[in-house]
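Since the structure comes first, as structure tokens, the remarks are kept for the end.
The values are calculated or read from the model by the stated rules, or taken from the named source; none is laboratory data. This structure is a prediction, so every number in the text was calculated from the model and none was measured. Cβ sites come from the backbone with ideal geometry, for glycine too, and all protein chains shown count toward neighbours.
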Amino acid sequence: MHFDSIANLQLLINGFAIGSIYALVALGFVLIYNAVGVVNFAQGDFVMLPSYVAISFLAPSVAVFGVQMHWQLPPLAVYLLVIVLMTGFALLFNRIAYYPLRDRGWMPVVISTIGVSIFLRNFAQLTWGSQPLSFPSPFTADTIDFGGLHVRPQDLLIIAVTATLIMFQYVLFEKTSLGKQMQATAQDRTTARLLGIRVGRIVAFTFVYSVLLGTISGLLVAPVFTVTKEMGGLIALKAFAASIVGGFGNIPGAIIGGLTIGVVETFGGFYISSAYTDAIAFVILIAVLLVRPQGLFGERVAEKA
Amino acid sequence: MSRANAGALVAIAAAAAIPVVFRGSDYLLNLCVLAGAYSIAVMGLGILLGYAGQMSLGQAAFFGIGAYASGWLTTQAGWNFWEAVPAAMALSALVGLCVGYPCLRLSGHYLALATIGFGIITQLVLVNWKAFTNGSDGMSGIPAPAIGAYTIDSYGAYFYIVLACVSAGAYVSSRIKATRPGRAMQAIRENELAASAMGIDATRYKILAFVLAGAYAGLGGALLAHSIKFISPDSYSFDASVVFLVMLIIGGASSVGGAIVGAALLTFLPEVLRPLKNSYIMVYGAAVIAMIIFMPQGLAGLLQAVIARFSPPPDPGSETIAARPSAQRS
């Protein structure tokens with residue numbers, strides 16, 4: 001095997017970037033899971049939908065319902081608009097797909113999130129067509145050259161934004177009343193309610209926060225991939241794998257699990273087999289489940305009696 | 001003869017009339033064969049999820065393994081339909097054993113994810129193991145079954161083979177449900193710890209459920225492969241596994257009839273919605289959400305509620321207990 005330190009460093013940066021995306025989406029899974037005990041199968045579509053919405057306002061020319069749009073609004077304004085729209089969407093999602101089923105165990109909610117996923121993917125196809133769209137990059141240069149090391153600025157942006165979000169989340173959870181209420185709700189809903197926490201609202205806020213994590217990952221990853229109705233599916237499955245590798249329900253575990261899968265899969269795709277890149281995450285997952293079923297960092301909620 | 005047996009016989013007789021009624025339309029008969037093959041796979045999932053309470057999102061992989069095994073055996077190894085289909089079924093069951101065993105310590109979401117991983121790996125193998133599967137170009141020329149010199153190549157005649165398999169599958173599944181293995185599985189679904197305390201070997205019955213789910217899906221997949229004659233990896237994706245799960249839940253997770261009706265309904269629903277053109281899958285997604293909210297126990301539960309309303313109350317005891325369990329859990 002040819003060993004090349006520059007190539008390896010480049011792979012490491014790529015791996016960290018894609019791993020950051022998995023980590024953000026994994027956090028979205030874990031937060032909803034901790035709050036309501038259900039895995040949201042539509043999480044990947046919360047990566048896809050905002051990417052399409054953003055493209056509609058950013059791209060020089062894009063067909064929405066067959067109508068050509070040429071808005072080309074300034075990117076920051078578009079990002080804010082998408083975040084506002086997705087907040088509204090998250091509240092709607094919480095109200096329709098979760099709230100009526102909240103007392104019926106986890107399976108009906110899982111099926112209803114699958115229904116939401118089918119709906120959103122086909123809504124996207126109907127609205128934006130089945131051709132992959134390319135997302136305008138916020139950077140003019142494709143790669144920056146650091147003495148032979150070619151780094152995509154988008155990768156650096158992804159890593160920086162993820163690091164910032166993780167710090168933000170730490171402050172939110174550890175230093176604010178809202179974050180403490182979210183944690184209390186996740187730990188024990190009945191007791192939280194007895195303590196005067198408005199559990200319904202906290203759960204709705206958790207949904208919004210999770211959807212926004214998906215939104216931000218979508219806006220970050222869209223310039224790297226093309227935007228298709230399927231783009232979120234595989235990202236979400238790998239993020240789910242990441243959250244289990246780290247120990248389900250465990251927040252630092254989700255982040256480290258995401259980064260691990262991103263890095264290992266990038267190196268594996270390069271050195272072992274590019275055809276099986278997508279299988280690597282699941283091989284890691286199955287190996288971890290067999291050897292250490294509680295995940296690398298232990299789980300928060302037992303579900304494997 | 002009990003009411004359930006009479007109902008099953010009426011259903012089989014009605015299904016047997018389908019090729020006569022639809023004899024002019026290969027399109028409709030093809031859909032009926034499709035619904036039959038799907039319903040076998042869904043019944044298998046019903047044993048795993050409905051009886052034993054183990055969530056699987058990898059049923060399409062078993063379906064694909066059955067299809068590819070039977071396709072390869074008939075096109076490359078020179079076997080005939082009658083040898084290849086049982087072999088395909090046995091292979092899927094064996095894979096079910098191999099997947100079921102490591103998955104035993106998992107349940108709930110973990111199991112769902114491990115089965116998703118298995119499905120994705122299977123699909124990648126189907127795409128990339130070109131020597132065996134011919135990759136994404138798919139495998140073509142899968143022969144129709146023959147009896148002596150007579151080849152069963154009309155959809156009408158083939159439908160009877162599928163119908164026989166569906167009936168046999170339904171019979172076996174309902175016998176399992178009513179006897180010791182089925183009761184043991186249902187006890188595990190309700191409370192694994194309590195079931196173990198009662199002396200039920202949970203490991204054995206969970207593996208059995210995986211093996212049966214694999215065998216059923218393998219049979220369905222093989223039957224479909226010999227009907228459509230061409231298979232490609234796209235048909236066995238994660239989305240197909242989701243469709244199987246939705247068929248089962250809509251039909252009623254622990255009901256044999258529900259599995260068949262759910263599979264048939266969701267096979268025909270897209271065709272009925274076709275006038276909506278491109279938006280039909282969107283409507284289908286919305287229909288799934290509405291059905292799960294408004295029909296908690298699926299079509300089977302709805303039907304039971306309607307029957308209960310118009311008939312005298314049954315004997316207290318066996319019936320009511322058997323009808324209740326899926327309410328909260330599945």
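How many residues, within segment A:49-76, are within 14 Å of chain B (Cβ to nearest Cβ) and either part of a helix (DSSP H, G or I) or acidic (D, E) (or both)?
1
Okay, residues lined up against (1) touching a strand residue (DSSP E or B) at 6+ places or on another chain (Cβ under 8 Å); (2) acidic (D, E); (3) surrounded by fewer than 24 Cβ atoms within 10 Å (Cβ to Cβ); (4) not in a loop (DSSP other than H, G, I, E, B):
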residue: A:G218; (1), (2), (3), (4): no, no, no, yes
residue: A:G232; (1), (2), (3), (4): no, no, no, yes
residue: A:A254; (1), (2), (3), (4): no, no, no, yes
residue: A:V283; (1), (2), (3), (4): no, no, yes, yes
residue: A:G298; (1), (2), (3), (4): no, no, yes, no
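Residues that are at pLDDT 90 or above, away from chain B (no Cβ under 14 Å) and touching a Ser or Thr at 6+ places or on another chain (Cβ under 7 Å), at least 3 per element: which helices (runs of 4 or more DSSP H) completely within segment A:97-205 meet that?
In segment A:97-205, A:153-175 are the helices (runs of 4 or more DSSP H) which contain 3 or more residues that are at pLDDT 90 or above, away from chain B (no Cβ under 14 Å) and touching a Ser or Thr at 6+ places or on another chain (Cβ under 7 Å).
Could you tell me which residue of segment A:27-48 is nearest to A:S217 (Cα to Cα), considering only residues that are within 12 Å of another protein chain (Cβ to nearest Cβ) and either touching a strand residue (DSSP E or B) at 6+ places or on another chain (Cβ under 6 Å) or in a helix (DSSP H, G or I) (or both)?
Per the stated criteria, the residue is A:D45.
With the requirement that a residue be surrounded by 15 or more Cβ atoms within 10 Å (Cβ to Cβ) and modelled with pLDDT under 90, what does segment B:90-101 give you?
Correct list: B:V99, B:G100.
Go through segment A:232-279 and give me each residue that's facing another protein chain (nearest Cβ under 10 Å) and aliphatic (A, V, I, L, M).
Correct list: A:L234, A:L237, A:A241, A:I244, A:A275, A:A279.
What number of residues in segment B:103-159 are more than 14 Å from chain A (Cβ to nearest Cβ), not in a helix (DSSP H, G or I) and not aromatic (F, W, Y)?
Going through segment B:103-159 one residue at a time, the tally reaches 17.
Every residue, every condition in (1) modelled with pLDDT under 85; (2) within 20 Å of A:G105 (Cα to Cα), yes or no:
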{"site": "B:G257", "(1), (2)": "no, no"}
{"site": "B:L265", "(1), (2)": "no, no"}
{"site": "B:V288", "(1), (2)": "yes, yes"}
{"site": "B:P312", "(1), (2)": "yes, no"}
{"site": "B:A327", "(1), (2)": "yes, yes"}
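When you scan segment B:184-212, how many residues do you find that are surrounded by fewer than 17 Cβ atoms within 10 Å (Cβ to Cβ) and part of a helix (DSSP H, G or I)?
Summing the residues that are surrounded by fewer than 17 Cβ atoms within 10 Å (Cβ to Cβ) and part of a helix (DSSP H, G or I) in segment B:184-212 gives 7.
Hey, among B:A87, B:A69, B:A37, which residue is buried (at least 24 other Cβ atoms within 10 Å of the Cβ), modelled with pLDDT of 95 or more and under 19 Å from B:G169 (Cα atoms)?
On inspection, the qualifying residue turns out to be B:A37.
Conditions (1) at pLDDT below 90; (2) under 25 Å from A:V263 (Cα atoms); (3) over 21 Å from the mean Cα position of the chain (by Cα), marked per residue:
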{"position": "A:G15", "(1), (2), (3)": "no, yes, no"}
{"position": "A:G19", "(1), (2), (3)": "no, yes, no"}
{"position": "A:G28", "(1), (2), (3)": "no, yes, no"}
{"position": "A:P50", "(1), (2), (3)": "no, no, no"}
{"position": "A:V62", "(1), (2), (3)": "yes, no, yes"}
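Check segment B:138-146 and report whether any residue there is more than 19 Å from the chain's Cα centre (by Cα), surrounded by fewer than 22 Cβ atoms within 10 Å (Cβ to Cβ) and of a type in the set (V, I, T).
No - not one qualifying residue is present in segment B:138-146.
Among what's in segment B:258-273 and is within 14 Å of chain A (Cβ to nearest Cβ) and either of a type in the set (V, I, T) or surrounded by fewer than 21 Cβ atoms within 10 Å (Cβ to Cβ) (or both), pick the residue that is farthest from A:I114 (Cα to Cα).
B:L273
For B:G108, indicate whether it is closer than 26 Å to B:G262 by Cα and surrounded by 24 or more Cβ atoms within 10 Å (Cβ to Cβ).
For B:G108, the condition - closer than 26 Å to B:G262 by Cα and surrounded by 24 or more Cβ atoms within 10 Å (Cβ to Cβ) - is not met.
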